[in-house]
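A.B. asks: The structure follows.
The values are calculated or read from the model by the stated rules, or taken from the named source; none is laboratory data. Because the structure is a prediction, the values reported are computed rather than measured. For neighbour counting, all protein chains shown are included, and Cβ atoms are generated from backbone atoms with ideal geometry for every residue, glycine included.
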Amino acid sequence: MSGDILQRLIFDLTPSSLPSTSHTVLASQVPILFREPYILSGYRPIQQNWLCYLQSLFQKHNETLNVWTHLLFCPVLLLRWWANIGALGYTLDAACLPLILYLLSAFAYLLLSVAAHLFQSHSEHAHYFFFFMDYVGVAVHQYGCALGHYFYTSEPAWRESSIGPLYLPGIAFFGWLSCGGCCFAKSRYQRPYPIQRKICQLIPNSLSYFLCISPIVHRLFTVSWTQEPCLHFYTLQIALFLLSALFFSCHIPECYFPGRCDFVGQAHQIFHVLLGLSTVFQLEALSQDYARRRDTVVEVFGEKQLWWACVSLATLFMSSILIALISMWYMNKKLQGTEERDK
């Protein structure tokens, strides 16, 4: 019932000047690849013109909120960034480079997610390609977060520990592994997905995440919270991310209300909202840390290390793209073989 009320509140307010809603179909009317558990209707027909899927940005279907929940966080992050520029007076130098790359990595994962949910219904080839690219965005954002945590959040005691020297190389490796694991799971396992698929996705991403937040966790337990308000933002960031991971892993609440959450209230939509909020709080925390440490960042780390660490983001991006393209090549061969057998 609550899902029906939310659905009316959101979609009945859509301006009539927007493109008219194309018909949606039942789960039984699309190939099994496009079906989501407990989502029984609201699917867009496959093999339509690309423009139809672009126009569906303003139409009612079961991916609408998956698109908008990430798309709207882009201007939110940009506005917060702009407000911080005015308040803190950013200067374009090596010290601010990790923060700029963090913001760009956030846009990467948000916009690639938008593209995946908006265009994946076109065909099986499009479905795999756009989700492979979505995994690239996740890997890039993991390293973007690590740059901010390492240069602005970490304490000397943590950097001098056994984790410190291995931190950025470790995040780069686990980011690459998470992209590879997700691409492998997507191409290897078919619906209905076995538990092994979640394992391939969650293990490398979990390892990357817990390593990524290690400077924050160390600081939360060693620094006074009253002296550093940004720690409250970091706590919210972690709590929201862990909660989002729960909704990503479980089909709650739609598993209890099959067909009631087809348009509003799906676990993946909740996951998107929580993840976006986590990113907003992370940006606030990193901005405060940058303001406090920007005058000493180059002195502490050296300009050369800053540049090399940031250039590594491009290396991770290119290697992740390579994984996605190899995975797409494999899937193209697999799909072509299926199509030939069906003839």
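A.B. asks: Just to check your reading of the model, which residue among L240, L335, L306, L246 is out of contact with any strand residue (DSSP E or B) (no Cβ under 6 Å at 6 or more places or on another chain) and at pLDDT 95 or above?
C.D. replies: Sole residue among the options that is out of contact with any strand residue (DSSP E or B) (no Cβ under 6 Å at 6 or more places or on another chain) and at pLDDT 95 or above: L240.
A.B. asks: Among the candidates S244, S278, single out the residue that is in contact (Cβ under 8 Å) with a residue 40 or more places away in the chain, at negative phi and assigned to a helix (DSSP H, G or I).
C.D. replies: S278
A.B. asks: Which one of these is in a helix (DSSP H, G or I), of a type in the set (G, A, S) and at pLDDT 95 or above: A83, A146, A95, A87?
C.D. replies: Exactly one residue qualifies, and that residue is A146.
A.B. asks: Given (1) surrounded by 24 or more Cβ atoms within 10 Å (Cβ to Cβ); (2) farther than 12 Å from P215 by Cβ; (3) in contact (Cβ under 8 Å) with a residue 40 or more places away in the chain; (4) of a type in the set (A, V, I, L, M, F, W, C), where does I171 come up short, assuming only one miss?
C.D. replies: Only one criterion is unmet by I171, namely (2).
A.B. asks: Can you confirm whether segment 145-159 contains a residue that is without any contact (Cβ under 8 Å) to a residue 24 or more places away in the chain, surrounded by fewer than 24 Cβ atoms within 10 Å (Cβ to Cβ) and either within 20 Å of I323 (Cβ to Cβ) or of a type in the set (F, W, Y) (or both)?
C.D. replies: no
A.B. asks: For segment 281-317, what are the residues that are assigned to a loop (DSSP other than H, G, I, E, B) and under 23 Å from Q237 (Cβ atoms)?
C.D. replies: R294
A.B. asks: Another question, then. Output the residue which, of all residues in segment 167-206 that are of a type in the set (S, T, N, Q) and modelled with pLDDT under 90, is nearest to S249 (Cα to Cα).
C.D. replies: Filtering first and then ranking leaves Q201.
Residue-by-condition table, conditions (1) under 23 Å from R292 (Cβ atoms); (2) more than 21 Å from the chain's Cα centre (by Cα):
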position	(1), (2)
C74	no, no
L79	yes, no
A87	yes, yes
D93	yes, yes
L101	yes, no
A106	yes, no
V114	no, no
H117	no, no
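A.B. asks: Right, here's the next one. Any idea which of L211, L277 is surrounded by 14 or more Cβ atoms within 10 Å (Cβ to Cβ), at pLDDT 95 or above, within 30 Å of E160 (Cβ to Cβ) and of a type outside the set (D, E, K, R)?
C.D. replies: Every option except L211 fails the conditions.
A.B. asks: Scanning for something in contact with a Phe, Trp or Tyr (Cβ under 6 Å, 6 or more places away or on another chain) and among the aromatic types (F, W, Y), does segment 250-270 turn up at least one residue?
C.D. replies: Checked segment 250-270: no residue is in contact with a Phe, Trp or Tyr (Cβ under 6 Å, 6 or more places away or on another chain) and among the aromatic types (F, W, Y).
A.B. asks: Determine whether segment 253-261 contains at least one residue that is under 29 Å from S320 (Cα atoms) and surrounded by 21 or more Cβ atoms within 10 Å (Cβ to Cβ).
C.D. replies: Looking through segment 253-261, none of the residues is under 29 Å from S320 (Cα atoms) and surrounded by 21 or more Cβ atoms within 10 Å (Cβ to Cβ).
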